[in-house]
Amino acid sequence: MTRTSGANGGGGQSGKLPRKRFYRARAHSNPLSDSHFPIPISPDDFDLSQHYPRYYPADKGERGDGEEVEAPLIRFADVGCGFGGLLVGLSPLFPDKLMIGMELRDKVTEYVKERVLALRASNPGQYDNISVVRTNSMKYIPNYFRKAQLSKMFFLFPDPHFKEKNHRRRVISMQLLDEYAFVMGVGGIIYTITDVEELGVWMRSCLEKHPLFEAVPEEEIEVDPVVKLLSTATEEGQKVARNGGQTFQAIFRRISLQEE
Amino acid sequence: MEDTAVEEAEVSGAAEFAPALVAAHPFGHSVAVAVGPDLRVFDLQGGCAVSLSDDSGGPAHSDAIRAITFGAGGDLFASAGDDKLVKVWKTGPWRCIRTITSEKRVSAVAFSNDGLYVAFADKFGVVWLEAAGEDDEGHVSADSKPVSIFGHYCSIITSMKFSPDGRFIATADRDFKIRVTLFPKNPMKGATEIQSFCLGHTEFVSCIAFTRISGGSCFLLSGGGDSAVRLWDHINGCLLDTYDVRDNVGELSEPNETEDSNLAIGNICLTNNNSMVAVAIQSLNGLMLLACDLVAKKLSFLKVIRTEKSYIPTSLASRCWEGLLWTVMGASNMPNQSVSQLLTRVKIIPLAQKDVQASAGHDSAALDDTEVPHGEKLLLALQGSLDGSKQEEVLAAVLAALKVSMHKMLVKKNYSEERREQRKRGRNDKKIKN
Ligand SMILES: C[S@@+](CC[C@H](N)C(=O)[O-])C[C@H]1O[C@@H](n2cnc3c(N)ncnc32)[C@H](O)[C@@H]1O
């Protein structure tokens, strides 16, 4: 197979967590293949008690005390989360926000699950707000989130798919931005970063062309505590940093449509 | 090697048959049947077959037509399909005014409610838009090109409809999804704002249709491979009611043929003032009629109308306020296909208002060939033949093709899973050797 990019394959040589090698997986998944993992029929069928037991206790239905506290919804999604470094970094910053990583590779997803469980076990009361789901985000985003549910979406170091005929496999495209705009509330922010210049230019130009997004001004980016994590929190980001690679980010806000 | 797999996924369906289609003019002026590359139109007012002329300068259809539709005003008609052509026709008198070339094969076509635009969906799930008619001087601008306005990520769009209030365009796909998109004032700049997703089907969605309370709210209906007809509040993406045709499975099948996979919904059609939904079901010789109560937001079983054993309609059409149902059975792209197999069978089923009361004693049935309006003339024009013995042969072949194709569609996922596992194993083996 031809080499597509140095930016790929979180496939486990960072060695930070020794167990990672057991979860070694092939570098690329093909997002177009049909799935053979369970997909919720609609967001109503997405069982959150598996993911956030502290917020969604399994026996919730039988609680007869009358005090119905509305459980929080997932607000952040890390699409193509890889080994989950961003979620781990975000969790203590937004302890009351539920976040989910979406990952296509089975083994990588299992790794993130274990990682979150281990963190919860050794830090009681923390990391209850992060989880991961194995899915193809390019096909099933609307099965997980309702309209305007999300306030942040992350696309960190996505696969570049260099060949022109594969551009439509990119996670940021005009088509998919419609769906991301649908699940994001007005004011929500989409964060993208890559070390592949061509992909960086592509993602930015898609976002610029899309009428439901506008660039977040530089001053705001500077004070956004999340931005620092983009290049430092994930396994891929750390690899790029170690190699002294350049990164290209595009940060855009969901706006409402102005029809002239 | 992954690339090959992707291309396979995209063209799977290529070898499938194309069902014969029927469309009814909204004011009853004409009726159209498409089978293979053949488009047949009968003028119901003049009582004669229409000879179709082509002023568009483009080629004629050369491969299976996959979608036909009349515009809401009845003055426009479109046909599109596997030859990557979208042909726009004027209906009075009938002539092709525009031939649009798509990059990919076309799976669905629809006119915007105002008749200004024609939208079509290609095999990659991309929806394209192009001006539909002529300008004020009767010209069709030669250099205009369709623009892509949105897409379903890598799924095939099976059905596309505009809402009667003109606000939305709804698209259904083979992955159980229905997307409802706002149709903007300037749609050539893209239709990016999604109003809702209607999620509930657990198999491919085969057909969608809008309906409305007269002068009031619009609703969406859908049918799918999961044997369900569903009623939606498409504004909020809420499932209002589901009718599973298997609930009346006893009425549908002989005791020995209750195989679930045969009960996929093939087509739905509103009729009788939008109060009824006619449902074509893949193994049912005849139709199921449901009552559609938009006030109570309920679907309920009315009755099954039987036709002769070998007649399973592939497509339905009706003028929404007239109780006359046009049905057609036929297919192209079948193995060992010959021209004679492009024959189709047309049957007309009159529905009286009293059918609403599900009276068991009253029997709706297809009109006998001798009772059909314009009789043999119409049948010859739309079916291609009157010969009964040939017809039987054709129906049997179509029936077989229907079964195979539906089976393929339903097991598609399992196949690819198996293949993927195989490929995975292959890869691991290699790794170990290295
Ligand atoms: C290069 S990695 C980056 C991972 C992580 N964001 C990081 O920065 O370390 C890209 C990840 O996206 C995942 N991915 C690719 N396509 C996907 C899809 N359609 N749905 C979900 N995940 C996907 C891949 O499996 C891979 O783990």
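Condition check ((1) more than 15 Å from the ligand (Cβ to nearest atom); (2) in contact with a strand residue (DSSP E or B) (Cβ under 6 Å, 6 or more places away or on another chain); (3) in a strand (DSSP E or B)) across all residues:
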position: A:221; (1), (2), (3): yes, yes, no
position: A:229; (1), (2), (3): no, no, no
position: A:238; (1), (2), (3): no, no, no
position: A:241; (1), (2), (3): no, no, no
position: A:246; (1), (2), (3): yes, no, no
position: A:249; (1), (2), (3): no, yes, yes
position: A:252; (1), (2), (3): yes, yes, yes
So which residues in segment A:150-163 are more than 13 Å from the ligand (Cβ to nearest atom) and outside any strand (DSSP E or B), if there are any at all? A:162, A:163
Show the residue pairs that are 6+ apart or on different chains and have beta-carbon atoms under 8 Å apart, the first residue being within segment A:159-171 and within 11 Å of chain B (Cβ to nearest Cβ), the second being of a type in the set (Val, Ile, Thr) and near the ligand (Cβ under 9 Å from one of its atoms). A:171/A:79
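Yes/no matrix, rows are residues, columns are (1) at pLDDT below 95; (2) more than 12 Å from chain B (Cβ to nearest Cβ); (3) out of contact with any Ser or Thr (no Cβ under 9 Å at 6 or more places or on another chain):
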| position | (1), (2), (3) |
| --- | --- |
| A:127 | no, yes, no |
| A:139 | yes, no, no |
| A:198 | no, yes, yes |
| A:209 | no, no, yes |
Please give the number of the condition residue A:96 fails out of (1) more than 14 Å from chain B (Cβ to nearest Cβ); (2) surrounded by 18 or more Cβ atoms within 10 Å (Cβ to Cβ); (3) of a type in the set (D, E, K, R). (2)
For residues in segment B:153-201 being among the small types (Gly, Ala, Ser), facing chain A (nearest Cβ under 8 Å) and under 21 Å from the mean Cα position of the chain (by Cα), which is nearest to residue B:214 (Cα to Cα)? B:200
Checking residue B:357 against (1) surrounded by 13 or more Cβ atoms within 10 Å (Cβ to Cβ); (2) over 25 Å from the mean Cα position of the chain (by Cα); (3) at pLDDT below 75, which single condition isn't satisfied? (1)
What number of residues within segment A:180-207 satisfy the criterion of being without any contact (Cβ under 8 Å) to a residue 24 or more places away in the chain and crowded, with 22+ Cβ neighbours inside 10 Å? 0
Residue A:177 versus (1) in a loop (DSSP other than H, G, I, E, B); (2) crowded, with 18+ Cβ neighbours inside 10 Å: which is the lone unmet condition? (1)
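The values are calculated or read from the model by the stated rules, or taken from the named source; none is laboratory data. In this text the structure is predicted, and so the values were computed from the model without any measurement. Don't worry about glycine lacking a Cβ; one is built from the backbone with ideal geometry, like all the others, and counts go over all protein chains shown.
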